[in-house]
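S.K.: Here it is, the structure, as structure tokens.
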Amino acid sequence: MAVLQFFPPSSPIVSARLHPVVLFNICDCYVRRPDQADRVIGTLLGSVSDGVVEIKNSYAVPHNESADQVALDVEYHRNMYLSHLKVNPKEVLVGWFSTGFGVSGGSSLIHDFYVKELKDSVKDLKDAQNSVPPLHLTVDTGFRNGEASIKAYVSVNLSLGDRPLAAQFQEIPLDLRMIEAERVGFDILKTTVVDKLPNDLEGMEASMERLYALIDDIYKYVDDAVEGRAALDNDIGRFLADALASVPKISPAAFDKVFNDKIQDNLALVYLSSLIRAQLGIAEKLNTAAQIL
């Protein structure tokens, strides 16, 4: 009796971490794609440690796609990869990405290509960390319902006895960590139309509003826990204690002074940048006038 079996990769990937610059680069490539292209396909670069893939960089690869086949510009991919290795040898091939919602029909063909490319890179680089299989990252650039669907997959082989049948994409945990400035840019990406990009003060205002909302949530949880309306959690209690202990002891007057000084510094930077921009504009016009005369 034949039995269907799943064969996970020999060096399984436990999870993946995505740097925000990769997400912004993918969205930028999608905006700049050719008119006839429905999606963007590209290569992911990064590092692997203890089964965790850290995706640090990416670049798009030109391709032609039809209903039954996908043609990648292999020479472009290899030249770009060699160029990246010369600049940063630690960022190696870890997988590939595509825009769109979920895995599509031609994903298995592209994944097989990157599996072969990864094997060849292991032979050339002789790097042990490249022995893990490549992962597949999908980014929904349409931001449906105001949310970005970003998922990572690994390929799992399905066989019937000793005969391989197909490959199945299995989703793995994906961690997207951002600092506050990157979070502001990511929130702008979710909106289809914006009047203008926020400046430093507007970004700070949005951060403070988010901080106030988080503090209100903490107050509500603590009150509910004290009154017995919420279950006690030791991990949350330790986390709150550590967070409060990390806050420096400073008087309100001193805090206001430090905060206002920071605001003044930001305003001075904005003024200086505007002044430099005006001087460059005047110099350019004078240079153009001198060439005409």
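S.K.: Quick one: Leu18 ticks every box in (1) over 19 Å from Phe101 (Cβ atoms); (2) under 13 Å from the mean Cα position of the chain (by Cα); (3) of a type outside the set (Ser, Thr, Tyr) except a single one, so which number is it?
M.R.: The one condition Leu18 does not meet is (1).
S.K.: So which pairs qualify, if the first residue must be in the stretch 214-234 and closer than 25 Å to Glu180 by Cα, the second must be surrounded by 10 or more Cβ atoms within 10 Å (Cβ to Cβ), the Cβ gap must be under 7 Å, and the two must be at least 6 apart or on different chains?
M.R.: Ile218/Leu240; Tyr221/Ala230
S.K.: Kindly evaluate Gly228 against the criterion of being at pLDDT 80 or above and either under 28 Å from the mean Cα position of the chain (by Cα) or surrounded by fewer than 12 Cβ atoms within 10 Å (Cβ to Cβ) (or both).
M.R.: yes
S.K.: Would you confirm whether any residue within the stretch 63-75 is without any contact (Cβ under 8 Å) to a residue 12 or more places away in the chain, open to solvent by 20 Å² or more (accessible area, probe 1.4 Å), part of a strand (DSSP E or B) and in contact with a Leu (Cβ under 9 Å, 6 or more places away or on another chain)?
M.R.: Checked against the condition, which is being without any contact (Cβ under 8 Å) to a residue 12 or more places away in the chain, open to solvent by 20 Å² or more (accessible area, probe 1.4 Å), part of a strand (DSSP E or B) and in contact with a Leu (Cβ under 9 Å, 6 or more places away or on another chain), the stretch 63-75 yields at least one hit.
S.K.: Out of all the residues in the stretch 240-257, which are within 26 Å of Glu202 (Cα to Cα), surrounded by 10 or more Cβ atoms within 10 Å (Cβ to Cβ) and not basic (Lys, Arg)?
M.R.: Those that are within 26 Å of Glu202 (Cα to Cα), surrounded by 10 or more Cβ atoms within 10 Å (Cβ to Cβ) and not basic (Lys, Arg): Ala243, Ile250, Ala254, Phe255, Asp256.
The values are calculated or read from the model by the stated rules, or taken from the named source; none is laboratory data. Computed from a predicted model, the values in this text were never measured in an experiment. Please note: Cβ atoms are built from the backbone with ideal geometry, for glycine as well, and neighbour counts cover all protein chains shown. To get the accessible areas, we keep the full protein, side chains included, count just its heavy atoms, and leave off ligands, DNA and RNA. Shrake-Rupley method; radii C 1.70, N 1.55, O 1.52, S 1.80 Å.
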